[in-house]
1. Somewhere in segment 21-33, is a residue under 30 Å from Ser122 (Cβ atoms) and either open to solvent by 50 Å² or more (accessible area, probe 1.4 Å) or more than 11 Å from the chain's Cα centre (by Cα) (or both)?
2. Looking at (1) crowded, with 21+ Cβ neighbours inside 10 Å; (2) in contact with a Phe, Trp or Tyr (Cβ under 8 Å, 6 or more places away or on another chain); (3) farther than 21 Å from Gly10 by Cα; (4) not acidic (Asp, Glu), which one does Gly98 not meet, given that it meets all the others?
Amino acid sequence: QVQLAESGGGSVQAGGSLRLSCAASQSAYSSACMGWFRQAPGREREGVAHITSAGTTTYADSVKGRFTISKDNAENTLYLQMNSLKPEDTAMYYCVAGGCRMGRVDPRFGPWGQGTQVTVSS
């Protein structure tokens with residue numbers, strides 16, 4: 001019944017890496033777009049990485065060159081490889097599925113995962 005389930009978050013030092021996973025139901029994985037959003041207290045929600053069903057990717061400027069979004073069609077799993085992590089990357093990270101708008105997942109209707117916490121210390 002759970003559409004999206006994130007895992008892989010944790011606490012790391014600046015410069016470290018984490019790999020987030022999002023296990024998706026068949027229906028969620030069949031969405032035109034999927035992506036990763038993050039939310040930190042006092043900061044606006046940010047769509048950090050997006051991928052279309054065709055594999056086209058789009059990244060926020062804040063993570064470009066450091067994060068890589070990918071998906072495994074055989075496992076219905078979305079990934080976010082996060083390298084060179086910075087304290088400003090600290091946030092709750094959410095997996096989202098939905099329609100596409102300009103290559104980015106439209107998060108208005110979901111589904112959304114419950115999130116996984118990423119904490120980067122310096």
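1. Taking every residue of segment 21-33 in turn, none turns out to be under 30 Å from Ser122 (Cβ atoms) and either open to solvent by 50 Å² or more (accessible area, probe 1.4 Å) or more than 11 Å from the chain's Cα centre (by Cα) (or both).
2. Failing condition for Gly98: (1).
The values are calculated or read from the model by the stated rules, or taken from the named source; none is laboratory data. Given the structure is predicted, the values throughout are model-derived calculations rather than measurements. Cβ sites come from the backbone with ideal geometry, for glycine too, and all protein chains shown count toward neighbours. For accessibility, only protein heavy atoms count, side chains too; no ligands or nucleic acids. Shrake-Rupley method; radii C 1.70, N 1.55, O 1.52, S 1.80 Å.
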